[in-house]
Structures are given as C-alpha cells and as structure tokens.
Amino acid sequence: MATMATSAAIDLAVRGTLAFRPLSAVAGVEITGIDLAEPLAPENREAILAAFLAHHVLVFRGQHLSTERQAAFTLQFGELEDHVIRLGDGKPPPLVHVVSNLDEHGKPTAKPYSSGNYFWHTDKSYHAIPSYATLLHAVDLPPEGGDTQFANTAMAYAALPEETKQRLAGLRVVHSWEASRLNTGNRPATEDEKRDRPPVNHPLVRTHPESGEKVLYIGTHTSHIEGMDRTEGRALLAELLAHASQPQFIYTHQWREGDLVMWDNRCLLHRAVANYEMAKHKRVLHRTVIRGTAPPV
Ligand SMILES: [Fe+2]
C-alpha cells in the first residue's frame, strides 16, 4: 500500500488481504476489505490485533452486523462483559446493548436515560478487572455530528513534566459506579447497583499490559485518591483529565453508516460529543465490551 504511514502498517498490509489506513498520529486506523459477519481467518485476526496495539482505535467501514453477529465477532477477541446499570424494568441490558439518545417511546431526547457516555471515561474502570476493549456499531446516525472522541493517555502521560511523574508514582485511585453517577449528574446509583459494583482502586499510572507504556488511568468513574485529602485528590484528578483531553492527544471519530469501531480501553479515554441536535435526531449504536486483566497492584 503506497499510502501506509508506518512500517508496522506496511507489515500488516503484506500479511493479509486487509487494507489499513492510519487516521491520525494520536489513534485510529481505518480497515477495509473484510466482512466481519464471517469468522475471522487466523492471519486476519493476527493482523487486526497488531493494528489494535499500534493504533488503539480500529475503524471497520461498511459493516452490517446483527446483534448476534456483533457478539460472535467480539467473542473472537475475548469474553463479553455484562453491565451494572438497571433499566426501567429493573433488569440489566443484554450483552449487546444499545447506546442511544432515545426515550422510553423510542423518540430522540436531549436528556437520555443515561448520559455518562458524554463525559471522558474509560469503560468499566470501576471493575477490579476493567475492560480490554469496547466495540460500537453504528445503527442510526444523525445527519452530522454525534462524534466519539478518544484521548491517548500514554501520550498524555509522556508529556507530563518529570516532577509531576514522580509525584504521581505509587498513587492509587478509587473508582466506583456510585461516583460515576454523581460525577455525571445522572440519577444516583441504586442499592442493588452499589452492591453489584463496590468501589475498587487502581494505580493512577497504569502500565499497559502489552505495550509496557505508562498511561494515566483516570476519567469520570473516579472518586478520589487513596490516602490524600479528598478535595486535593479530586483537584489533581481534574487537572490530569484537563491535561489528557487537550486537542493534541485527541482523535475525533466522525461516524459513517456501517462503521464498527473497536478501541483499547487500557490506553484511551473516550466520550460521545453532543454536537448534534439531540432532541431531533437519533443516535443509536450497538455496544459490546470485552473483559480485560487486572492492573498489577
Ligand atoms: Fe464508554
């Protein structure tokens, strides 16, 4: 491929039938030449995993997957996660669940049932074993906007002054579903939800288990820093989030019909952007989440 920007990408191109096009220096690679409804050939799975490690966000174009097919594709990379949130009927959502701005009547609304996805976070950091990857498949999109942004937390950590890195070393952060609900102005966590997902703590500076890079492991699911005054700890977390979400660390994904996007929750923050008429247009995506590994203590 003449357009390849990195030696890793050139290597991927010659190993399989897939075409890879990097989307930004921060994150993102477009992948074409594959139908994800079919089982993956071993060499394609290997090429996809190499691209995942190199680019963190995979953008597969032109896919049309049923929820069953999306689950089957996801299962080729790991175990599906379940979800803590309880819906209006008191039940958890299915393993392939719907992310949308629709109300209980299926109409677009500016105040969806849960709006936590519009705040910077990394999926399920409130789990002792947080997630490896998330997959979103575009089902119904607004005519424009409704983007998803990704912030590269390895680049953000690397850009910190040395003295800040030293200050952060060894700190642990408490993450919880309860804190997440409070931080995002959603209805408070129910007693059932709190019992299902008690607070956990993780290193503030996490080492990516595959690349070995250090990343800032933060976001809107965080409560406070262990052993630090709460106000001081929360101020530091807010400062780090502001640092990590600067434009130079961000890739903005503009959705196209048929996109399936898969990203690495271990080195990225993400959020949906309300840059569309939420009360007028539908934004519906199908989501699957893959269980990861526990950050080392
Ligand atoms: Fe998310």
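About its Cα centre, what dipole magnitude does segment 7-291 give when the only charges are +1 on Lys and Arg Cβ and -1 on Asp and Glu Cβ, stated in debye to the nearest 20?
Charge dipole, segment 7-291, about its Cα centre: 420 debye, nearest 20.
Which peptide among 173-179, 70-76 comes first, and what is the full order, when sorted by highest mean count of other Cβ atoms within 10 Å?
Ranking, from highest mean packing down: 173-179, 70-76.
Given the options SER131, SER211, SER245, which has the most mean-square fluctuation in a GNM of the chain, springs set between C-alpha atoms less than 10 angstrom apart?
SER211
Could you rank the peptides 47-57, 139-149 by their average count of other C-beta atoms within 10 Å per residue, with the highest value first?
Going from most to least packed, we get 47-57, 139-149.
What Kirkwood hydrodynamic radius, in Å, does the chain give when the mean of 1/r is taken over all pairs of distinct Cα atoms and then inverted?
19.7
Hey, which lysines would be in cross-link range of LYS280, C-alpha to C-alpha under 18 Å, not counting anything within fewer than 8 residues on its own chain?
LYS107, LYS111
Rank by packing, highest mean first: peptides 251-258, 105-112, with packing defined as the count of other Cβ atoms within 10 Å averaged across residues.
In descending order of packing, they fall as 251-258, 105-112.
Return the calculated 222 nm mean residue ellipticity for the chain, to the nearest 500 deg cm²/dmol, obtained by summing -39500 (n - 2.57) across DSSP H runs with n ≥ 4 and dividing by the residue count.
My calculation for the chain gives -7000 deg cm²/dmol from helical runs alone.
Using C-alpha positions alone, give me the convex hull volume of segment 255-296 per residue in cubic angstrom.
Normalising the Cα hull of segment 255-296 by residue number yields 108 Å³.
Using the count of nearby Cβ atoms within 10 Å as a rough guide to exposure, how do ASP259, ASP89 rank from fewest to most?
Exposure proxy ranking, most exposed first: ASP89, ASP259.
From the phi angles alone, apply the Karplus equation (6.51, -1.76, 1.60; θ = phi - 60°) to segment 117-122 and give each ³J(HN,Hα) in whole Hz, x where the residue is Gly or Pro.
6, 8, 10, 4, 7, 10
Per-residue HN-Hα couplings for segment 156-167, Karplus 6.51 cos²θ - 1.76 cosθ + 1.60 at θ = phi - 60°, whole Hz, x for Gly and Pro?
With coefficients 6.51, -1.76 and 1.60, one gets 5, 5, 4, 7, 6, x, 4, 5, 5, 4, 5, 5 Hz.
None of the figures in this text is laboratory data; all of them are computed from the coordinates on show. Remember, predicted model here, so these are calculated numbers, not experimental data. We place every Cβ from the backbone using ideal geometry, glycine too, and count neighbours over all the protein chains shown.
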